[in-house]
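To start, the structure under review is shown below, and the notes come after it.
The values are calculated or read from the model by the stated rules, or taken from the named source; none is laboratory data. What you see is a predicted model; the values in this text were computed from it and never measured. Counting neighbours? That spans all protein chains shown, and the Cβs are built from the backbone with ideal geometry, glycine included.
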Amino acid sequence: MKQLPISDLLRLAQMTTPTVYNGWSQITRADIAREGFNREPTQDWTPQLGPMVGYAVTVVIEPSNARHRSDNPDALRAYRDYVASFPGPKIVVVQDLDGEKTVGSMWGEVNATLHRAIGCVGTIVDGAVRDIDEMGRAGFKAVSRRLCVGNAHVHPVRWNCDVEVFGTTIRPGQLVHADKHGFLAVPAEDEERLLEAAQFMDRSEFETVIAAAWNRPGIAPGQIVADAAAAAKEFRRRSQATFSREGEW
């Protein structure tokens, strides 16, 4: 699996997910109103760790169903071997078949620590997590629907497959960026220009629309509005020249 240089991933990890989205929206052929991002609310339980970026490793669980453990007792080891076989950084994306009625968490202090040791930087779970303080101390980011107190009958049902989380399908190996705002799952064809586009859009905003409004004491409000309009025009011109699109302004 081809990955971006680690230097690019580190730079992306310094950006918020909305900033990365701004760049992605200029280069993708996807529908930026319907694809790539969470359609349902998420909760970041470890915001102190900042954004995370990595390649998706996927698993499906059903904590309410005890049969999975007896039907496939070797699944846990096989799943962990799968996760360990891919280079990091990795984000474990978990589809919980119990949906909003989830009763157990795949994640706790032990599992988070183990996954961190094999190159995973965090998880996105459309069910629950627990032990969030311990997960944070392990440096393992946790984004989920809710919290819970137990693990119930958590056991891998299937893995290395497409999963649907928060109304969005994520494929194994897909580049994912996530923070307290939600997540962005980047199509493979958009990866190469993602950092360049995000940096361009961020820099262009600061040099135009933000500069026109930032800390201008003594300037009449009408003048600030006029300057902002001119700056927005310049922002659109730059975006059009670079991406053949006009950006958000």
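Worth pointing out:
- Number of residues in the stretch 84-103 that are surrounded by fewer than 21 Cβ atoms within 10 Å (Cβ to Cβ) and either within 23 Å of ASP131 (Cα to Cα) or modelled with pLDDT of 95 or more (or both): the value is 9.
- Residue check, VAL149 farther than 16 Å from VAL83 by Cβ, surrounded by fewer than 19 Cβ atoms within 10 Å (Cβ to Cβ) and aliphatic (A, V, I, L, M): yes
- Any chance MET15 is under 30 Å from PHE243 (Cβ atoms), out of contact with any Ser or Thr (no Cβ under 8 Å at 6 or more places or on another chain), modelled with pLDDT under 95 and not assigned by TED's automatic domain parsing to the domain that holds ASP133: no
- Residue count for the stretch 43-58, restricted to those that are surrounded by fewer than 21 Cβ atoms within 10 Å (Cβ to Cβ) and either among the polar types (S, T, N, Q) or in a helix (DSSP H, G or I) (or both): 4
- Restricting ALA178, ALA198 to residues that are within 27 Å of TYR55 (Cα to Cα), hydrophobic (A, V, I, L, M, F, W, C), modelled with pLDDT of 90 or more and assigned by TED's automatic domain parsing to the domain that holds SER85 narrows the list to ALA178.
- Among residues that are crowded, with 21+ Cβ neighbours inside 10 Å, within 20 Å of VAL165 (Cα to Cα) and at pLDDT 95 or above, SER64 is not included.
- Those residues of the stretch 206-249 which are under 28 Å from the mean Cα position of the chain (by Cα), surrounded by fewer than 15 Cβ atoms within 10 Å (Cβ to Cβ) and either modelled with pLDDT of 90 or more or part of a helix (DSSP H, G or I) (or both), in sequence order: PHE206, GLU207, ILE210, GLN240
- The single residue among ALA138, ALA142 that is closer than 14 Å to LEU49 by Cα, in the same structural domain as VAL93 (by TED's automatic domain parsing), modelled with pLDDT of 95 or more and touching a Gly at 6+ places or on another chain (Cβ under 7 Å) turns out to be ALA142.
So that you can scan it fast, the table gives a plain yes or no per residue for (1) part of a loop (DSSP other than H, G, I, E, B); (2) surrounded by 22 or more Cβ atoms within 10 Å (Cβ to Cβ); (3) in contact (Cβ under 8 Å) with a residue 24 or more places away in the chain:
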position: SER7; (1), (2), (3): no, no, no
position: LEU10; (1), (2), (3): no, no, no
position: PRO18; (1), (2), (3): no, no, yes
position: TRP24; (1), (2), (3): no, yes, yes
position: ARG39; (1), (2), (3): yes, no, yes
